[in-house]
Amino acid sequence: MVDSNQRSSANCDGQVSKGAVDFPKEIISDILSRLPIESIFTCKIVCKTWCDIIRDSYFVNKLCNSHYHPTRLILKPLRGRVTSDTSSHLLLVDIEEQKTRRIPVDKMLLGLRIMCICNGLLCLALGNKIDPVVIYNPITREHVVLPSLGSKPTLCNHKVGLGFDPSSGKYKVVQAYTLYSNNGKMTRFEIISLGESSWRELSAPQGMLDLAVLGVVFWNGALYWKMIDGIDIDIVEFNLSDEKFHAITFPENFSHFQPQAPLQLMDSGGFLTIVERSSGQIKLWRLMRNKIGEDSSVSLQQTYDTHVNWGNAVYYEIIGDSTHNSYLLKVGFRNSQCERCEHLTQFFPQKRQYSHLDIPSLPDRFYTVCLKPSLVSPIAASLRSN
Amino acid sequence: MSSSLEKNMLILRSSDGEEFIVPEVVAVMSKAIKNMVEDECASNTIPVPNVDANILAMVIEFCKKHDESEAEAASDLKTFDSEFVNRGQEALYDLITAANFRDVKELLDALCQNVAEMIKGKSVHHIRIQFLGYQLFEILTSNFIWNIWCDRDFD
């Protein structure tokens, strides 16, 4: 890097005759797609050529598929002690550089919960109301509101999944909700492709109708639904291209009964990983996608000792895996006034080490998700489908 | 790796007329040359227009190293790549043009990554000076216009 500094100081004297601007567009596009999102913001205002390249759909797709593109956290401050200042922002957090950047957000969007993430797009909705369902890109700050499903008076447990179907090239949204009627309660699923004008009801297997939905995660062409049946947790795969539910085969030593902390689903090293947390252990299960026509199966990948007895007063949640064999945790505790304080910590299982991340301007309480920032425009995606 | 004598050799001629004798396996790392060889439209000497002797020598050095070290540890090759591309800006640009024109994927990858590292974290002004060849005067004027814009925005 010393060398590049020397070069740049030489250039300030005006020795440059050629510029990168002379390159073919594909080359500039290739170079820019290797940059972190913050640098792409900067490059967008360098000159018109670069700006046009970054806006082009070729670049947007290239960025989605790029291996160089580092993940970021989107952090939503929760109302704790009155900090009105942070209430109209999301934060974009760079863990490596320990930097935060504010994203101003419309109040309406900030009132919604982040339900699912796919290609840098957030799916926002409410847990107890069917409307609105919004697809939002926090990087480009564009959003689309999906068509209304009409009023459903007694509804709860509303969860919405967003995914990309590579076979049709469309983004699809699936919502699940529990309806109460005279015959008891029933879970229903409805699907819409981005750009379509109405929802279609999905036929779910009989066994799924009495289960309540806990959450949903998108991974590699499918949505994974976390369902609860009384006390047992189950995971069901929904393939976005054939629009069908598939069961997952769990090994015998997998415990569906998780009294302490619900299972978490996350992408770890390119695999969908099920995180089982107990007070002194973390178990990571890996989902294997089998041949077409066969059910996906789960196998135990890793067991780590946490070396800390976690409980209700001091709790943690795994946000994602980061570099150097470590995991990113959200750690929280209650202070003497019984208020919750949360922060980010890196956990190195092999080194038996926790290291607190001192990131400036983090709120006291927050909700956070890990995502690969993208420039996918939800508006353009809706128009393309039409 | 078998002895280099057994390999077919090709002669590459740079734009300024210098000739390089290169094993075919190395030369065909350039997709453009590979296509020529496969279509049998290459005689013994292949002209490489737009690439001068200096740059062609560098490209050949890179390809040779990648050909030899297929079995070597990938990290060694990475170190070589990062040292190889760490050159003056002018040579870097000529190399990119050559790698793109001759379609040498590994080289283009390493070069683009290097330029990306140079851009990372830099300010807009810095990028304009370094990569667009802006002179100080242009920066000052564009800055001036930019400031007028910004003032308007915040009115």
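The values are calculated or read from the model by the stated rules, or taken from the named source; none is laboratory data. In this text, all values refer to a predicted model and were calculated from it rather than measured experimentally. Every residue, glycine as well, gets a Cβ built from its backbone with ideal geometry; the counts of neighbours run over all protein chains shown. Heavy atoms of the whole protein, side chains included, go into the accessibility calculation; ligands, DNA and RNA do not. Shrake-Rupley method; radii C 1.70, N 1.55, O 1.52, S 1.80 Å.
Which distance in Å, rounded to a whole number, links the C-alpha centroids of segment A:319-386 and segment A:109-146?
Result: 18 Å between the Cα centres.
Between A:Gln281 and A:Ser355, what FRET efficiency comes out of the Förster formula 1/(1 + (r/R0)^6) with R0 = 30 Å and r the beta carbon distance, rounded to 0.05?
The formula returns an efficiency of 0.90 here.
Can you list residues whose amide H is under 5 Å from A:Gln301's amide H, if they're 5+ apart or on another chain and H is modeled 1.01 Å from N?
Residues meeting the amide H criterion: A:Leu284, A:Trp285, A:Arg286.
Can you give me the convex hull volume of the Cα atoms of segment A:119-170, divided per residue and expressed in Å³?
93 Å³
May I ask which of A:Lys129/A:Lys226; B:Lys78/B:Lys105; A:Lys99/B:Lys120; A:Lys76/B:Lys120; A:Lys330/A:Lys351 have a Cα-Cα span longer than 22 Å here?
Checking Cα-Cα distances, A:Lys76/B:Lys120 exceed 22 Å.
How far is helix A:2-12 tilted, in degrees, relative to the longest principal axis of the Cα atoms in chain A, given as a value from 0 to 90 rounded to the nearest 10?
50 degrees
Would segment B:4-120 count as rounded, prolate or oblate if I go by the C-alpha gyration tensor, calling it rounded below 1.5 in a/c and otherwise prolate when a/b exceeds b/c, oblate otherwise?
oblate
For segment A:22-69, restrict the atom set to alpha-carbon positions and state the Rg and Dmax in Å.
Rg then Dmax for segment A:22-69, in Å: 9.6, 26.
Accessible area per residue for the protein assembly as shown in Å², computed with a 1.4 Å probe and the full protein assembly in place, what is it?
I get 51 Å² per residue for the protein assembly as shown.
What list of ³J(HN,Hα) couplings, whole Hz, do you get for segment A:343-360 from phi and the Karplus terms 6.51, -1.76, 1.60, once you set θ to phi - 60° and write x for glycine and proline?
Per-residue couplings from phi come out as 8, 9, 9, 9, 10, 9, x, 5, 8, 6, 9, 10, 10, 5, 9, 8, 9, x Hz.
For segment A:287-386, what does the alpha-carbon gyration tensor say about shape, rounded, prolate or oblate, given a ≥ b ≥ c as the root eigenvalues, a/c under 1.5 as rounded, and a/b over b/c as prolate?
oblate
From the alpha carbon gyration tensor of segment A:180-311, can you work out the equivalent ellipsoid semi-axes (sqrt of 5 times each eigenvalue) and give them in Å, largest to smallest?
28, 19, 13
So what does A:Cys338 come to for accessible area, using a 1.4 Å probe and Å² rounded to 10?
Its accessible surface works out to 90 Å², give or take rounding.
Pop out the ³J(HN,Hα) list for segment A:241-248 in order, Karplus 6.51 cos²θ - 1.76 cosθ + 1.60 with θ = phi - 60°, rounded to Hz; leave Gly and Pro as x.
Each residue of segment A:241-248 in turn: 8, 8, 6, 10, 8, 10, 6, 10 Hz.
With 20 Å bins from zero, work out the P(r) of chain A over every alpha carbon pair and list the percent per bin.
Going out from 0 Å in 20 Å bins, chain A shows 25, 57, 17, 1, 0 percent.
What is the local net charge at A:Val60, summed over the other residues whose Cβ is closer than 13 Å to its Cβ (Lys, Arg +1; Asp, Glu -1)?
+2
Express in Å², to the nearest 10, the accessible area of A:Met186 obtained by rolling a 1.4 Å probe over the protein heavy atoms while all chains stay in place.
Roughly 80 Å² of A:Met186 is accessible to a 1.4 Å probe.
Roughly how much of A:Ser297 is accessible, in Å² to the nearest 10, using a 1.4 Å probe?
About 30 Å², ignoring ligands and nucleic acids.
Name the residues whose placed amide hydrogens come within less than 5 Å of the amide hydrogen of A:His256, ignoring near sequence neighbours (fewer than 5 apart) on the same chain.
Counting only residues 5 or more places away or on other chains, the set is empty.
For a test of the definition: using alpha carbon positions, the gyration tensor, and the 1.5 limit on a/c, classify segment B:11-69 as rounded, prolate or oblate.
oblate
Which value in deg cm²/dmol, rounded to the nearest 500, describes the helix-derived mean residue ellipticity at 222 nm for the protein assembly as shown, given -39,500 (n - 2.57) per DSSP H run of n ≥ 4 and division by the residue count?
-8000 deg cm²/dmol
What's the average, rounded to a whole number, of partner chain beta-carbon atoms within 10 Å of each residue's beta-carbon in B:87-97?
The shielding value for this peptide is 4.
What is the packing order of peptides A:167-173, A:373-379, taking the mean over residues of other C-beta atoms within 10 Å and listing the highest first?
Most protected by this proxy first, the peptides run A:373-379, A:167-173.
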